[in-house]
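Participant: Structure in structure tokens, see below.
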Amino acid sequence: VNIELSRLGRRYTEVRSTAEARFIAGYRTREWLFAVNPTLGVGLSDGQRGRSPDVHLGTKLARSLSADWTVGVEHYAGLGTVGQLSSGSAQDKQLFVVLDRTAKRWGFNLGLGRGLSPASERWMLKSIVEWPLE
């Protein structure tokens, strides 16, 4: 389980402060990775506390290119809230082609994505940079 707290500027989101619980499960072989990442998120900003948590589902399928590099696809879906799932066209769905590098001292995930529903942005670029705390 991964717990995240965030605070973003108004130009990025209406709900500036949030908390998320990410449950991560996967299966890995020497060549393949399949992961499922259901997420529950709550708004912590004024007017958001006490609302039903948002439900998101992420999945990933990746193939190893070498010991440090993988390439794959990631799918993300904003499904609505725990109390009321959204209809298909109102769900925020995206598909990304991703490149990952994992090394001892640092790693990154870079992806180019396309929105799959009217509720999604048309094109997206995402990146994650990580430094292990070992």
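Participant: Work out the FRET efficiency for Asp68 and Arg22 from their Cβ-Cβ distance, taking R0 = 22 Å, and round it to the nearest 0.05.
Facilitator: 0.35
Participant: Counting heavy atoms of the protein chains only and a 1.4 Å probe, report the per residue accessible area for the chain as a whole number of Å².
Facilitator: Result: 72 Å² per residue.
Participant: Mind ordering 79-85, 37-43 by average Cβ neighbours within 10 Å, highest first?
Facilitator: Packing order, densest peptide first, comes out as 37-43, 79-85.
Participant: Translational D (Stokes-Einstein, µm²/s) of the stretch 1-65 at 4 °C and 1.567 mPa s when Rh comes from the Kirkwood sum over C-alpha pairs?
Facilitator: 96
Participant: Now for a different question. ³J(HN,Hα) across the stretch 112-126 via Karplus (A = 6.51, B = -1.76, C = 1.60, θ = phi - 60°), whole Hz, x for Gly/Pro?
Facilitator: 10, x, 10, x, 10, 9, x, 7, 9, 5, 5, 10, 9, 10, 10
Participant: Separate question: Kindly list the residues of the stretch 65-93 that lie in the label zone of Thr13, defined by a backbone N under 15 Å from the point 7 Å along the Cα-to-C-beta vector.
Facilitator: From the stretch 65-93, the list is 77-81, 92.
Participant: If you don't mind, there's one more thing I want to ask. Give me the log10 of I(q) over I(0) for the stretch 84-134 at q = 0.19, 0.21, 0.28 Å⁻¹, as the Debye formula computes it from C-alpha points; what are the numbers?
Facilitator: Treating every Cα as an identical point scatterer, log10 I(q)/I(0) equals -0.68, -0.74, -0.96.
Participant: Sticking with this one: What does the charge dipole of the chain about its Cα centre add up to, to the nearest 20 debye, if the Cβ of each Lys and Arg holds +1 and the Cβ of each Asp and Glu holds -1?
Facilitator: The calculation lands at about 160 debye.
Participant: Which length gain, in nm to one decimal place, applies between Leu61 and Leu99 when the Cα-Cα distance is subtracted from 0.36 nm times their residue separation?
Facilitator: Additional length available on full extension: 12.5 nm.
Participant: Further question on the same structure: Given Ser17, Thr29, Gly43, which one lies farthest toward the positive end of the charge dipole of the stretch 1-121, if we put +1 on the Cβ of every Lys and Arg and -1 on the Cβ of every Asp and Glu?
Facilitator: Thr29
Participant: Excluding Arg28 itself, calculate the net charge of residues whose Cβ lies under 12 Å from the Cβ of Arg28, where each Lys or Arg counts +1 and each Asp or Glu counts -1. Intermediate values should be presented prior to the final figure.
Facilitator: On the way: positive: Arg30, Lys60, Arg63; negative: Glu31.
The answer is +2.
Participant: Could you list the residues of the stretch 1-44 with an amide nitrogen less than 17 Å from a label point located 7 Å from the Cα of Leu116 in the Cα-to-C-beta direction?
Facilitator: The answer is 34-39, whose backbone nitrogens lie closer than 17 Å to the label point.
Participant: Turning to a different aspect of this structure: Let me test this: with uniform point scatterers at the alpha carbons of the stretch 38-79, what is the Debye-based log₁₀ I(q)/I(0) at q = 0.23, 0.30, 0.32, 0.34 1/Å?
Facilitator: -0.77, -0.97, -1.01, -1.05
Participant: Another question about this same structure. Hey, got a sec? Which trypsin sites (Lys or Arg not before Pro) in the stretch 46-134 land in a DSSP loop and have at most 16 other Cβ atoms within 10 Å?
Facilitator: Filter output for the stretch 46-134: Arg49, Arg51, Lys104, Arg105, Arg122.
Participant: What fraction of the Cα pairs in the chain, stated in percent, has a spacing above 27 angstrom? Walk me through the numbers before you get to the answer.
Facilitator: Details: 2155 of 8911 pairs.
Within the chain, distances greater than 27 Å cover 24 percent of Cα pairs.
The values are calculated or read from the model by the stated rules, or taken from the named source; none is laboratory data. Everything numeric here is computed off the predicted structure, so don't read it as measured data. Cβ: placed from backbone, ideal geometry, glycine included. Neighbour counts: every protein chain shown. Protein only, heavy atoms only, side chains kept; ligands, DNA and RNA dropped before computing areas. Shrake-Rupley method; radii C 1.70, N 1.55, O 1.52, S 1.80 Å.
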